[in-house]
């Protein structure tokens, strides 16, 4: 599938380019502009150079301290939810029923949390976790665990993490399920004939086939958890204290709460830069994986015609004959 | 061989974990406020429809659903119609800067909404679109258009190139080929892409809330406002929440057979 070079294709891409440029480049220009200026209100701006950026990256200032603390919290949060959601998602995908109406039922229930508006997700867990009216909070307190996400930092963190697992594990599971579905039955038959253990099947067949979708899953989950705003904001409001204030919450506080345009703009740019770098790393890895796969696919047909699966036991028998 | 031991149990437990909080919300929406606050009941003992009735009769409530649906549909239509030709171009041709453009698009899907909240507010106020569904629909394009291009590119690549060539040999013009042949072939892909645009536009709150004040206020924003004003009307809040889940559930039902493929963005 070699693509032909055709510069006229730009005309087809032009609408997308214009729409996204309008909503991405123009606003970003404003941000760059603000990040270099200070204001005394009243729409009077003056040049501040890299002042805001210096303050932002210096932990001893108020702005820098807040930014770096929220960045640390956010990275920790992303790592924790990735460590839970990716393995759990794989397990759930492997537990999917094979056929019949249960498949559709499971798919629908799995997809359900993904389509709930993010503030309603927050509301659901806010209610569910309350010790007075929520099932979870009530039960936990009834069995003697002192649980209150409003006043206790650890409880607040646990609530936010469990909420995210509830909200997004389905995404990982559905992606993995899509990857698993693309494995031809012949692979499993071959493995069965070879007497492969379940673990071997997982490691040699299922995991490699899920590689690509897992990469997408990790990318999407990392990015979305790195810019999480609505759900923790509704549940904890960033509290107690600042313990669940993530980068986006901090940014909105500075930008729309205090209306500190310069600081907010500098924070935005640094934030965006981090995202861009991570995104670029993933993109490169993904493109390389795609190229490798193509090379493999081209060399594969000669090595592995499907019917040979039935022949596989023969080489396995030969050494035995030799022994006998 | 596909699955692991105890899969029914794992799946069952996970589904219960997913459904329990939702059940609790539904449960609460049918209770009276005095029942919610005074006792812990696993199902509504004095079931009532008063909260739903209030939402369907009070314009300040139900207009929120209409506003939300308005910008979600607008956004889906815009996203799909600009993404289709671009997906075809990315799938079939190589052109100057194609890889960079693709990466740039992808990076916009990942851009944090919080970064754009303030500049969008300025931009749409300046051009007079503030507090209209158009503002939110255009703002949501920043993450939905790249996503739509990404998904559709996968589906277009699944259409054999010979079909294009045959059509052009048969004398189809490009627009005619596009509408008569290509679009029907990737109809399921368009469905999946529309589903994702709908989903991400429907669940987003930060931009939708920032870009509207009165006339185009989305239901999600109305929920947060009313709660703080009226001192926790839990039953009403729960009922409003349940009603926001329903459009999503309906949409899932229509695309249930394509969900898995769509989640892998058409390129498994």
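The values are calculated or read from the model by the stated rules, or taken from the named source; none is laboratory data. All values derive from a computational prediction rather than experimental measurement. Cβ placement follows ideal geometry from the backbone for every residue including glycine, while neighbour counts extend to all protein chains displayed.
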Condition set part of a helix (DSSP H, G or I) and more than 7 Å from chain A (Cβ to nearest Cβ), scope the range B:87-101, selection nearest to the chain's Cα centre (by Cα): answer is B:87
Being modelled with pLDDT of 85 or more, closer than 16 Å to residue B:112 by Cβ, more than 8 Å from chain B (Cβ to nearest Cβ) and in a helix (DSSP H, G or I), is that true of even one residue in the range A:281-292? no
Just for helices (runs of 4 or more DSSP H) wholly inside the range A:182-252: which have at least 2 residues that are surrounded by 19 or more Cβ atoms within 10 Å (Cβ to Cβ)? A:185-193, A:207-226, A:230-235, A:247-252
In the range B:102-153, how many residues are more than 7 Å from chain A (Cβ to nearest Cβ), under 17 Å from residue A:32 (Cβ atoms) and not in a helix (DSSP H, G or I)? 0
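Yes or no, residue by residue, for (1) surrounded by fewer than 22 Cβ atoms within 10 Å (Cβ to Cβ); (2) within 26 Å of the chain's Cα centre (by Cα):
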| position | (1), (2) |
| --- | --- |
| B:158 | yes, yes |
| B:163 | yes, no |
| B:166 | yes, no |
| B:173 | yes, no |
| B:179 | yes, yes |
| B:204 | no, yes |
| B:209 | yes, yes |
| B:218 | no, yes |
| B:243 | yes, yes |
Residues of the range B:1-42 being in contact (Cβ under 8 Å) with a residue 12 or more places away in the chain and under 31 Å from the mean Cα position of the chain (by Cα), in sequence order, are B:22, B:25, B:26, B:27, B:28, B:29, B:30, B:31
Collect the residues in the range A:67-103 that are under 23 Å from residue A:198 (Cβ atoms) and without any contact (Cβ under 8 Å) to a residue 24 or more places away in the chain, keeping them in residue-number order. A:87, A:91, A:95, A:97, A:98, A:99, A:100, A:102, A:103
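The rows are residues; the columns are (1) at pLDDT 85 or above; (2) crowded, with 16+ Cβ neighbours inside 10 Å; (3) not in a helix (DSSP H, G or I).
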site	(1), (2), (3)
B:16	yes, no, no
B:35	no, yes, no
B:40	no, no, yes
B:43	no, no, yes
B:60	no, no, no
B:66	yes, no, no
B:70	yes, yes, no
B:73	yes, yes, no
B:85	yes, yes, no
Got a sec? Which helices (runs of 4 or more DSSP H) wholly within the range A:64-161 have at least 3 residues that are buried (at least 20 other Cβ atoms within 10 Å of the Cβ) and within 14 Å of chain B (Cβ to nearest Cβ)? A:101-111, A:118-129
Only one of (1) farther than 19 Å from residue B:115 by Cβ; (2) surrounded by fewer than 22 Cβ atoms within 10 Å (Cβ to Cβ) is not met by residue A:274, so which one is it? (1)
